[in-house]
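The values are calculated or read from the model by the stated rules, or taken from the named source; none is laboratory data. Since we're looking at a predicted model, the values are computed, not measured. With ideal geometry, Cβ positions are generated from the backbone for all residues, glycine too; neighbour counts draw on all protein chains shown. The accessibility values were calculated without ligands, DNA or RNA, using every heavy atom of the protein model including side chains. Shrake-Rupley method; radii C 1.70, N 1.55, O 1.52, S 1.80 Å.
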Amino acid sequence: MVKYKEVPIYTDVTPELFINSIWNRREPALLRGIDIGECTAKWTTEYLSEKIGALDVKVHVSQHEKLDFINKNFVYKTLPFNELLERVSGTSKAFFLSPNEYYYLRSLGLDPRGREIADIRKQFPFIAADLKIPHFFKDEAFFSSVLRIGSKNVQLWTHYDVMDNILIQVRGRKRIALFKPSEALSMYLVGDKSRVLDIDNPDASEFPKFSSVLRHECIMESGDIIFIPALWFHNTLALDNGIAVNVFWKHLPEELYDKKDVYGNKDHIPAARAIQMTENATKLLETLPGEYRDFYCRRMIAILENKLCGQEDKI
Ligand SMILES: O=C(O)CCC(=O)C(=O)O
């Protein structure tokens, strides 16, 4: 049985309180009552269509509610922003795949080669001033701000990011489920994503360990912010058509982050190298007969377990 824990709710949090009492606990926190500007009232379909107009955006389109990055049950389509809003709100009957399709925009930079980092001040300058991003961190720590628009019932695959995240729910409600980084062995990972797509009804024969994880959960209302610490797995379920902005911040030394990362999800440089070495070690062990391969695989696990697992630094 999956166990549940409510994400704690904090009201009227000041930057000092956030840094001294919330951020350093390295656990998710729901922040309520922070002034995020006029966006919660202003960002209606009509207003956004007028301000942003026909700017082309690339979106995930799927016939499935649960988007699956690993098995790709969606396609990417480019369409004008105002048309996306019409389709999400149901005022347009146009479709790509079927009349019952779901949309999910994760904004990108404008560089067509995909090398620019999302920043709503650059890509959506006419609405950026409506959102006040709380300045909990130093300006130098800012990495990206990503506009996210999705249809009701869209569920985004469980994944982790490598930076601290402030997710601001501007309009619509959203359920957020989170799992601690130390649950990694129960998450059935492929890279940064979990293979457990249906977290509410996981297949116990395929994912036996997932049933014993502790699930942290909350419902975000319009105007709420959730702090998602780096490496925490998260899965989001839109309870309404919704608009959100998430802001990634770097809190480790600059040289640990991959300079080619535009999404905030590339593993830190030493971790990525260690993973590559593990892949190489796996190839080496594959040259041994089964019994030996199994034994040395366990010896490697023992080395990692004895030396490193469970040794978290306190911030
Ligand atoms: O709110 C969403 O739709 C997804 C948010 C997310 O995955 C993130 O902020 O990393």
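Numbers at a glance
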quantity: Residue count for segment 172-197, restricted to those that are charged (D, E, K, R) and either within 12 Å of the ligand (Cβ to nearest atom) or in the same structural domain as GLU279 (by TED's automatic domain parsing) (or both); calculated: 5
quantity: Test: residue in segment 55-63 that is among the basic types (Lys, Arg), open to solvent by 20 Å² or more (accessible area, probe 1.4 Å) and at positive phi; calculated: no
quantity: Search result, residues across segment 212-238 that are in a loop (DSSP other than H, G, I, E, B) and more than 17 Å from the chain's Cα centre (by Cα); calculated: VAL213, GLU221, SER222, GLY223
quantity: Flag for PHE143 being farther than 28 Å from GLY310 by Cα and either within 16 Å of the ligand (Cβ to nearest atom) or in contact with an Asp or Glu (Cβ under 9 Å, 6 or more places away or on another chain) (or both); calculated: yes
quantity: Options ARG195, ARG215: the member that is open to solvent by less than 10 Å² (accessible area, probe 1.4 Å) and basic (Lys, Arg); calculated: ARG215
quantity: So TYR102, is it closer than 30 Å to GLU305 by Cα and open to solvent by 20 Å² or more (accessible area, probe 1.4 Å); calculated: no
quantity: Qualifying positions in segment 81-125 - free of Cβ contacts under 8 Å to residues at least 24 places away in the same chain, more than 16 Å from GLY53 (Cβ to Cβ) and not hydrophobic (A, V, I, L, M, F, W, C); calculated: GLY90, LYS93, PRO99, ASP111, PRO112, ARG113, LYS122
quantity: Output for segment 242-263, where each listed residue is within 15 Å of the ligand (Cβ to nearest atom) and of a type in the set (Lys, Arg); calculated: LYS250
quantity: ARG215 in contact with a Phe, Trp or Tyr (Cβ under 9 Å, 6 or more places away or on another chain) and closer than 18 Å to ASN73 by Cβ; calculated: no
quantity: Output for segment 9-41, where each listed residue is hydrophobic (A, V, I, L, M, F, W, C) and surrounded by fewer than 17 Cβ atoms within 10 Å (Cβ to Cβ); calculated: ILE9, LEU17, ILE19, ALA41
quantity: Meets criteria (assigned to a helix (DSSP H, G or I), more than 30 Å from TYR103 (Cα to Cα) and polar (S, T, N, Q)) for THR287; calculated: no
quantity: For SER211: the one exception among (1) away from the ligand (no atom under 11 Å from the Cβ); (2) modelled with pLDDT of 95 or more; (3) closer than 18 Å to GLU6 by Cα; calculated: (2)
